[in-house]
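Data block below; observations after.
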Amino acid sequence: MSSKLKFFYFALLTGIIGAMLIGWLTFLQIQQHLSDKINTDVTQLGTKIDAQLERYSQLPAVLASDPRLLAPLQAMSDTSSVPPMAESFLSINQLLAQWNQTLGADTLYLIDMAGTTLASSNWQQPDSFVGQNFSYRPYFQQAAAGQNGQYFALGARSDKRGYYFSAPVIHNQQAVGVLAIKIDLSMLSDIWQYEDIEYAITDELGIIFYSSEPAWLYHSLARLSETVLAQVQQSRQYGSVQITALTAADSLAAFNQSRVQPLRQNPATAAMTYITAQHNMNKAGWLIYGFTPQARAFEYMGQVLLLFILIYTLLCIAVHSWWQTYRARVALTNLNSRLEKRVSQRTRRLQETNQQLKITLSQYEHSQAELKQTQDELLQAAKLAMLGELSASINHEINQPLAAIRTYAENSRKLLEKQRYSTVGHNLDEIIELNQLIADIIARFKVFARKRDFRQNSPRTNPADSIRSALSLMRNALIKQGVILRLEDIPEDLIINIDAVQFEQVLVNLLQNSLHALQGRPEPQVGIRLESDSNHVVCRVWDNGPGLNQEQKQQVFTPFYTTKDDGLGLGMTISKRIIDAYRGTLSVSDHPGGGAEFTLSLPLDSEIRP
């Protein structure tokens, strides 16, 4: 055998072994590279979707605190259970439509505790939610239990894929309805920017509800039991479609354990092997999967093998082999440069997104601080308005002792001429006492007018002292109007957790409202009763006026609602918010003897509880 033939066989054997080794290593490396790329892409997709959903997650809880939502819910609880027409709550429908337009959501709607939609932002559309019952939806059940809810499903009316956020509407510390917001998931098509791989988004059961491959929609990545399928059908989460498995995996956990999976385009076609990656979206309860055909790795491997054979063949010719090696190095350098540039661009975009998020959070904190300051100024303005109404009583109380001081002074001048010094001394004592009386009157109004010291973390107040202070402010007004005060025995040893000035402000406001209601009434009476149990102190303020009708009871705490000709309609709203801020309640009811009765309930101070 010639040396050339031996070299040929040796070179051929070496080339075959080298080709097999390089092919195997190349296949593993390319498969790992594709898997890492898919994982990076789906992770970025999950981050973007989380950011989109986070914009809406807290909105239902914020909007549900609006007191205007209570009117239709209370109206339905006071009437029959017949589903409402769209025009029944026109103002609420218009309010929800205005909110929905501002937020850019799909639909915003209000549901009563029976699951029936009372008002909706799409109330004028053919697929309006008004009158529809959603009690079977998990997001309604979560919010009805007093918790914020979220859920993905096909719309029962529109068959559009959407994500639902919900929050309870609270009244008197109880859920009286549910406010829900639907987000159209068509935004995912705009977020996805990777055309070289397929993706699918599934729920916790592995059912695909969004995918770049339409044939995969509403099929599962693993086999589901008959019980689970029946539960999905009953919840109508995906309408009435027939859900089948695209793989032979017994469970979703088994599917997730393997990086390479055979997957059918639909249950009727042959399986195709894919390299997969996944990302868990824990907040939304979703899983995002990325898929790229394993055949692509074989294509790359074939290309590498062809390149190796070419290089290996050209190695026999030294010059040509050196030239091929040089070109390969240049190509590798360009590839690395493009990869580094791509990584740099994506990193820069992520940094810009983080910076924008910081700016948004800073603006939110600034807005919260301004809102708090505005609320504090509103409370002070309401208090000063009360002092304006009490100015006549200030003038009356001070004029009487001033007149007496003048009389004592003129009398003392005459007594000095008669040298009746003992009587002059007695008159001077009386003048001093009257001067102290004027100082006490002024101090009482100065204390009521001062702002609350918010540096006091745990305000503690004796309700008996506050009641007496409030009555002293209103004494002249009660006497002038001829009102009989019914003040029962007040316990002196009670301490409640509330600022004293704000508690007096609430009491003065209730007494002023009672005086307004008693104008022109025969034998007007106002009563105050203070009682306590093991946890709360209850103060009842009543009058024997005409009382309140059902509509007035529902609107009495609504901002800018008033029955006075010159009233602003803020007194009762501010009073309720003061009591709510200290974890108490303020309600109105009919007094057994006629008239209205307002009930304040505040927590008893923890240090004196039995």
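Label-to-label distance, Arg329 versus Tyr136, with points set 7 angstrom from Cα along the beta-carbon direction: 7.0 nm.
Going from the residue with the fewest nearby Cβ atoms within 10 Å to the one with the most, Tyr582, Tyr326, Tyr139 rank Tyr326, Tyr582, Tyr139. A simple spin-label model places the labels of Glu417 and Leu485 4.3 nm from each other, with each point 7 Å out along Cα-to-Cβ.
Report the full-extension gain for the segment Arg460 to Asn535: residue separation times 0.36 nm, less the Cα-Cα distance, to one decimal in nm.
Details: separation 75, 0.36 × 75 = 27.00 nm, distance 1.49 nm.
25.5 nm is the gain from fully extending Arg460 to Asn535.
In which sequence would His366, His171 go, from the one with the fewest C-beta neighbours within 10 Å to the one with the most?
Working: His366 10, His171 15.
Placing the least packed residue first, the sequence is His366, His171.
Report the FRET efficiency, 1/(1 + (r/R0)^6), for Cys316 and Ala254, where r is their Cβ-Cβ distance and R0 is 51 Å, rounded to 0.05. Computed FRET efficiency for Cys316 and Ala254: 0.50.
Spin-label model, Asn336/Phe298: points 7 Å from Cα along the beta carbon direction are separated by 3.2 nm.
Need the C-alpha centroid separation for region 462-499 versus region 1-55, integer Å. Between the Cα centres of region 462-499 and region 1-55 lies a distance of 86 Å. For Gln345, the shell of other residues with beta-carbons less than 12 Å away shows a net charge of +4, using +1 for Lys and Arg and -1 for Asp and Glu. Mean projected area of the Cα convex hull of region 458-608, taken over all directions, amounts to 8.8 nm². For Val343 and Glu410, the difference between the fully extended length at 0.36 nm per residue and the C-alpha to C-alpha distance is 14.5 nm. For the pair Ile432 and Gln58, the difference between a 0.36 nm per residue extended length and the Cα-Cα distance amounts to 128.4 nm.
From the gyration tensor of the Cα coordinates in region 204-291, what semi-axes in whole Å does the equivalent ellipsoid have, largest first, with each one equal to sqrt(5λ)?
Computed over region 204-291, the values are 19, 16, 13 Å.
Within a 10 angstrom radius of the beta carbon, how do Ser344, Ser240 rank from fewest other beta carbons to most? Walk me through the numbers on the way to the answer.
Details: Ser344 10, Ser240 7.
The order, fewest Cβ neighbours first, is Ser240, Ser344.
Figure legend: label point modelled 7 angstrom from the Cα of Asn39 along Cα→Cβ; residues of region 287-302 with amide N under 18 Å from it are 287-294, 297.
So which of Lys182/Lys283; Lys48/Lys358; Lys37/Lys341; Lys182/Lys576; Lys48/Lys182 end up more than 23 Å apart by C-alpha? Each step should come with its number before you reach the end.
On the way: Lys182/Lys283 16 Å; Lys48/Lys358 16 Å; Lys37/Lys341 15 Å; Lys182/Lys576 32 Å; Lys48/Lys182 18 Å.
Those over the limit are Lys182/Lys576.
What does the charge dipole of region 204-291 about its Cα centre add up to, to the nearest 20 debye, if the Cβ of each Lys and Arg holds +1 and the Cβ of each Asp and Glu holds -1? Working shown, then result.
Numbers: 5 positive and 4 negative charges, 20 e Å.
Its charge dipole is roughly 100 debye.
In this structure, Gln356 and Gln98 have a Cβ-Cβ separation that, at R0 = 41 Å, corresponds to a calculated FRET efficiency of about 0.95. Here Leu12 and Glu213 are evaluated by their C-beta separation; at R0 = 56 Å the FRET efficiency comes out at 0.80.
No lab work stands behind these numbers, since they all come straight from the coordinates. Nothing here was measured: the structure is a model prediction, and the numbers come from that model. In this analysis, Cβ positions are derived from the backbone assuming ideal geometry, glycine residues included, and neighbour counts consider all displayed protein chains.
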